[in-house]
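Here is the structure we will look at, set down as structure tokens.
The values are calculated or read from the model by the stated rules, or taken from the named source; none is laboratory data. Computed from a predicted model, the values in this text were never measured in an experiment. Virtual Cβ from ideal backbone geometry, glycine too; neighbours counted across all protein chains shown. All accessible areas refer to the heavy atoms of the entire protein, side chains included, with ligands and DNA or RNA removed. Shrake-Rupley method; radii C 1.70, N 1.55, O 1.52, S 1.80 Å.
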Amino acid sequence: MEVPFRHGPMPRGHASGWEDACMGDVEIRQVHYFIAVAEEGNFTRAAQRLSMTQPALSRAILALEKAVGATLLLRTPKGATLTAAGHAMLEEGRSLLAQAGNVTSRVRRAAERNASVTLTGPGCDAALLDRMVRSYNEADPAHPARTAVGTIDDQLGRLRSGQADIALVRAPVGGNGLSSVVLRRERISVLVGARHRLAGAKTLRVADLAGEPLLGWQGPGAQLNDPNLWPDGLPGTPGPQVSDGLQMLAVVRLGQAVALAAPPSGGGGAPEGTVSIRLADGPAVPLRLVWPKERTTPGIRSFVRHTVTAFRQPGRTGAPGGTAETPSAARAG
């Protein structure tokens, strides 16, 4: 049985869009409002976050509770706390909003005539992304390309959500419905502070890092520190732990640790206050283009063909793991 969608009135100051939709008696926008209250723990702060009045927000939450037949929030003088039903609603609601956002991205892109191809990659590869897109667009393709810069760890998520068509990644890529091709294999570099004792070296070897604190990562972003790349163990000694690029640069600039890094892309230099030095006997990491198999459009095929021809380094794809991915790019045409 098909569940009808309907539109409800939109509170003052809130943008219209997919949040207008509802399933049965529960509107997606009500779920959005509920999540804001749950995360803020306070109706006033949630109303400010949503750019709506507090009475309107309270009415929307009461209507949601009536629709689901359960009390989701306990109102107290200090704010609002979740009930057991509220915790379940928070988990399910976040999943629902993520799915709704993915549907919107995919439908909008499918509806575009001659839709552009979106290439995504981390900020450290912004110069290389720009070179790839410029090179492709100079050929006046039917489906022009554009860039979308993200973080190191969100590239595959952007593909699955439909926010991007192709990702430039160095992380391992499993099956998961993805096609990929190796453009080249890059020797890992070491990032040191400008005043570090090794800053003047043209190249380094793993032995040169003996005793050097090596920066570690908490959570995503540790692709180059993957133990699988270092069968003899990571170089140096365990150093400070960081969770984002800004922390990493601060630690390196202060000389508190050295960091493993991809070589500067697009001909650019290392970030200010640091020096990037090639690790001559370090592992070579594959740089890949990745895209969803089920959404291999003519634009994606065209971009992959062009970029493989223009940016692949001769002789590099024969390394282990490279030739296995090469045919998929050839068949993309």
Is it the case that the stretch 113-124 has a residue that's assigned to a helix (DSSP H, G or I) and either basic (Lys, Arg) or modelled with pLDDT of 90 or more (or both)? no
Leading residue by the ranking (most open to solvent (accessible area, probe 1.4 Å)) among those in the stretch 26-56 that are in contact (Cβ under 8 Å) with a residue 40 or more places away in the chain, more than 14 Å from Leu97 (Cβ to Cβ) and not aliphatic (A, V, I, L, M): Thr53
If you take the residues in the stretch 171-182 that are surrounded by fewer than 13 Cβ atoms within 10 Å (Cβ to Cβ) and closer than 18 Å to Gln223 by Cα, which one is modelled with the highest pLDDT? Gly174
Can you give me the number of residues within the stretch 79-104 that are free of Cβ contacts under 8 Å to residues at least 40 places away in the same chain, open to solvent by 70 Å² or more (accessible area, probe 1.4 Å) and either over 17 Å from Val68 (Cα atoms) or within 20 Å of the chain's Cα centre (by Cα) (or both)? 1
Is it the case that some residue within the stretch 309-323 is at pLDDT 85 or above, open to solvent by 20 Å² or more (accessible area, probe 1.4 Å) and within 13 Å of Ser180 (Cα to Cα)? no
List every residue pair whose Cβ atoms sit under 6 Å apart, with the two residues 6 or more apart in sequence or on different chains, where the first one lies in the stretch 120-140 and is under 14 Å from Gly150 (Cα atoms) and the second, anywhere, is open to solvent by 40 Å² or more (accessible area, probe 1.4 Å) and small (Gly, Ala, Ser). none
Restrict the check to the stretch 274-285 and report whether at least one residue is modelled with pLDDT under 90 and more than 15 Å from Ile152 (Cα to Cα). yes
Take the residues in the stretch 58-76 that are hydroxyl-bearing (Ser, Thr, Tyr) and open to solvent by 40 Å² or more (accessible area, probe 1.4 Å), then tell me which one is modelled with the lowest pLDDT. Thr76
Select from the stretch 129-153 the residues that are under 17 Å from the mean Cα position of the chain (by Cα) and under 22 Å from Gly299 (Cβ atoms) and write down the one among them that is most open to solvent (accessible area, probe 1.4 Å). Arg146
